[in-house]
Amino acid sequence: MKGNALLILQTCALAVFMVGILASIVTIRQNLGLSAKIRNKNETLAQLAVIKQTRDRHQAALRVFEGLSNASPVSLASLGRASATNATPEIRERESRNLAAGWTLRQMEVVFSEIDLNQIPCFLHMAEEARPPWRLVECTLASSRKADGLGHAVLIMETAGKTGRQTPDNSQRRAEKAQ
Amino acid sequence: MPFRSRVCYGVTLSGGVAVTVRAWRSSGGTVRQAVLTPGETTARRPSVGGRAESARSGGVTVGCLAVQESLTLWLNSPLTSRAKAEKVLPSLLDIQLPFPVEDCMYRFVEFRRTSEGTVSALVCAARCEAIQACLERYQAQGTDPMLLDHEGLALWTQSLVELTAEPSQHRVLIYLADDHTTLVIGCGERYGNAHSLQMPASPTADNDLVNRIQRILHADLPSGVGVQWLFCGGRAGETAVVEMLHRSLTSVWPGALTLMKEPTSFLARALCTRALKRGPLRCNLRLQAFTHKAVLRAADWRTRAAAVGILIAGILLVGFSLTSHLLGERRLNHVKSQIAVVAGELAPGVAIPYGREISEVQKAWEKQAPQTTPFLEAFTPSLAVRLAEVIKAGQTSAVRFETLNLKRNSLILSGVTEDWDQCGQLEQRLKALGYAVKLQRQEAIAENEVRFTVNAEGGGP
């Protein structure tokens with residue numbers, strides 16, 4: 001009877017141990033596949049995190065713009081008159097497209113003819129300091145043969161604005177009124 | 001032995017008198033011993049009817065089988081493999097024994113390799129009747145030894161413990177008990193053989209003992225070789241006997257005499273040391289039907305413990321496997337849900353098929369990005385600053401620009417300079433701004449000035 005109990009105990013122990021070994025082998029094999037899946041998913045998550053980080057930066061920038069008290073960009077013509085003496089820029093709209101949250105991107109071409117080229121940085125500085133700011137996208141300068149320091153400047157400026165629409169005509173009108 | 005006790009009682013019987021030594025092993029492995037008086041023996045030593053469980057807690061009792069009731073024998077097998085030799089050695093023993101091998105208990109206590117490479121084994125054997133008689137003698141003294149050691153092997157190993165053997169030096173240990181004399185012969189640390197003789201009433205008066213000892217030694221030792229003579233046992237304190245024997249024997253085999261310390265308890269100490277510490281030539285002749293109940297119980301307990309251990313190990317393995325799998329699944333699901341949350345946030349309203357999160361989100365982002373990119377670009381370094389830097393580079397290099405076209409990542413310049421090398425200065429300054437510059441100069445033909453054009457790329461923030 002005692003011998004039987006010991007035999008049963010040993011048999012059970014061996015059976016459970018074998019099950020344990022089998023379970024371990026199966027689990028190791030399954031976990032190898034599982035860890036590969038987790039690794040792939042982590043890579044996916046990391047790539048998504050990079051996209052999310054980029055989007056968050058975009059959103060943060062948008063929030064700064066949303067926080068501006070005045071969402072309407074200042075007139076480039078008035079800026080031109082204020083910064084450059086004896087020069088009235090020709091302003092043409094090159095491109096306009098809608099952005100997020102009701103904002104509009106406007107790209108304007110500002111042409112100064114026979115201007116003292118040393119006045120251009122002042123104009124650009126004032127444009128960039130305005131809120132919302134104007135940004136210089138492209139700049140073409142050509143010196144004049146008439147006099148040293150004079151030249152022709154074509155500036156492509158862009159800004160994001162919310163209300164109103166600055167057209168070449170009304171900006172010119174506003175510039176004339178100011179004069 | 002299925003257990004290792006910390007306390008041991010070594011009991012020897014000599015002329016019907018029991019000598020008991022109590023020994024205990026410290027946690028550091030040091031064995032300490034004390035001879036028990038008859039009163040202490042009764043009080044402390046586990047008795048015949050004593051609880052067998054005391055084997056673990058109360059100590060192990062060890063006895064020994066006298067050399068005259070047993071034998072030790074070196075058997076030489078013709079085989080070089082120990083495993084194979086172990087199979088044939090019982091048959092070789094059977095041939096050597098004057099009685100059937102089934103009637104005795106035997107144990108191979110040491111294996112050595114001969115100079116030919118074959119396996120040689122030392123066997124210790126005793127007839128079942130002798131073992132039974134020995135146990136009855138012990139029981140008559142009120143004790144039931146759990147282990148039954150061999151007297152000759154115990155004497156030899158204890159002599160090595162108490163007096164270090166010199167290599168290749170013959171050693172003869174003479175154990176002078178009240179009723180018998182035991183000779184143990186060896187060389188270096190190698191046990192040779194053991195012999196037993198009846199002790200006469202007056203050894204000094206009777207040359208028969210010396211003659212018998214010499215006869216035995218002549219068989220094992222060549223005449224004239226140096227021998228280390230060791231004496232111990234109850235009668236080793238009789239100086240006249242010891243000197244007489246040493247004088248007689250050194251005439252043939254010269255060698256110094258060493259009287260072991262506390263010679264009376266030498267054998268009992270040997271039994272304790274062997275029971276408490278691992279070492280060579282360990283032997284227990286209480287085998288099979290003679291196995292002590294406590295040893296059987298301990299072996300049974302050990303078997304159960306092993307089975308329970310395996311059972312627990314199996315349960316733990318199953319548990320760990322399941323837990324590990326569940327944790328893995330949980331982690332995968334967690335990552336999946338995180339992906340779903342982030343993808344849903346980046347591509348709201350888009351049904352994203354499983355596994356295509358990246359492509360769908362990228363597609364959605366490519367649609368969204370142009371609507372917000374200008375806001376971010378407003379915070380990038382101004383192109384006006386770069387324009388000022390380019391103009392300053394031109395002024396410093398003393399060149400005059402005629403046309404200048406600046407974009408975010410490109411710069412086209414044309415102009416004139418008075419010196420060929422000044423263009424080079426401008427090129428270096430533009431490179432310092434981060435541009436990859438292509439400079440073209442034209443030799444002045446009609447005028448003194450050098451015309452140049454610059455096509456530069458990069459440099460943009």
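Taken together, the values in this text are just the output of simple stated rules run on the coordinates, not laboratory data. Only a predicted model underlies this, so the values are computations on that prediction, with no experimental measurement involved. Backbone-built Cβ (ideal geometry, glycine too); neighbour counts: all protein chains shown.
Fewest neighbouring Cβ atoms within 10 Å first, the residues B:232, B:128, A:139, B:8 line up as B:128, A:139, B:8, B:232. Listed by chain and number, the aspartates and glutamates whose C-alpha is less than 12 Å from the C-alpha of residue B:336, apart from same-chain residues fewer than 8 away, are A:43, B:357.
When both segment B:346-380 and segment B:315-338 are represented by their alpha-carbon centers, they are found 33 Å apart.
With 24 Å as the limit, the listed pairs B:84/B:277; A:37/B:367; B:392/B:431; A:52/B:367 have B:84/B:277; A:37/B:367 beyond it between alpha carbons. Diagonalising the gyration tensor over the Cα atoms of segment B:64-223 and scaling each eigenvalue by 5 before taking the square root yields semi-axes of 27, 22, 15 Å, largest first. Stretching the chain fully between residue B:362 and residue B:291 yields a gain of 17.5 nm (0.36 nm per residue, less the alpha carbon separation). Cross-link partners for residue A:162 among the aspartates and glutamates, with Cα-Cα distance under 19 Å and sequence neighbours closer than 8 places in the same chain left out: A:66, A:93, A:95, A:128, A:129, B:377.
About the Cα centre, and with charges only on the beta carbon of Lys, Arg (+1) and Asp, Glu (-1), how big is the dipole of the protein assembly as shown? Nearest 20 debye, please. Intermediate values should be presented prior to the final figure.
On the way: 73 positive and 58 negative charges, 360 e Å.
That gives a dipole near 1740 debye.
Fewest-first ordering of B:115, B:14 by other beta carbons within 10 Å of each residue's beta carbon gives B:115, B:14. Relative to the globular-protein estimate of 2.2 N^0.38 Å, the Cα radius of gyration of chain B stands at 2.14. Each Cα pair under 8 Å and six or more residues apart adds its sequence gap; the mean of these over the residue count of chain A is a relative contact order of 21 percent.
Report the Stokes-Einstein translational diffusion coefficient (µm² s⁻¹, integer) for segment B:269-394, Rh taken as the Kirkwood radius over Cα pairs, at 10 °C with viscosity 1.306 mPa s.
Values: Rh = 23.8 Å.
Using the Kirkwood radius from Cα pairs, D works out to 67 µm²/s.
What length, rounded to one decimal in nm, is gained on full extension from residue B:4 through to residue B:323, with 0.36 nm per residue of separation minus their alpha-carbon distance? Here the answer is 111.1 nm.
At 0.36 nm per residue, minus the direct Cα-Cα distance, what do residue B:418 and residue B:299 gain on full extension? Give it in nm, one decimal, please. Present the calculation step by step, with values, prior to reporting the outcome.
Details: separation 119, 0.36 × 119 = 42.84 nm, distance 10.90 nm.
Contour length minus Cα-Cα distance gives 31.9 nm.
The Cα trace of segment B:318-376 gives Rg and Dmax of 16.9, 59 Å, the first to one decimal, the second as a whole number. Neighbour counts of other Cβ atoms within 10 Å put B:265, B:168 in the fewest-to-most order B:168, B:265.
Electrostatic bookkeeping for residue B:454 treats Lys and Arg as +1 and Asp and Glu as -1; over the other residues with beta carbon under 12 Å from its beta carbon, the sum is +2. With the simple spin-label model, which puts each label point 7 Å out from Cα in the Cβ direction, the residue B:40 to residue B:202 separation comes to 3.6 nm.
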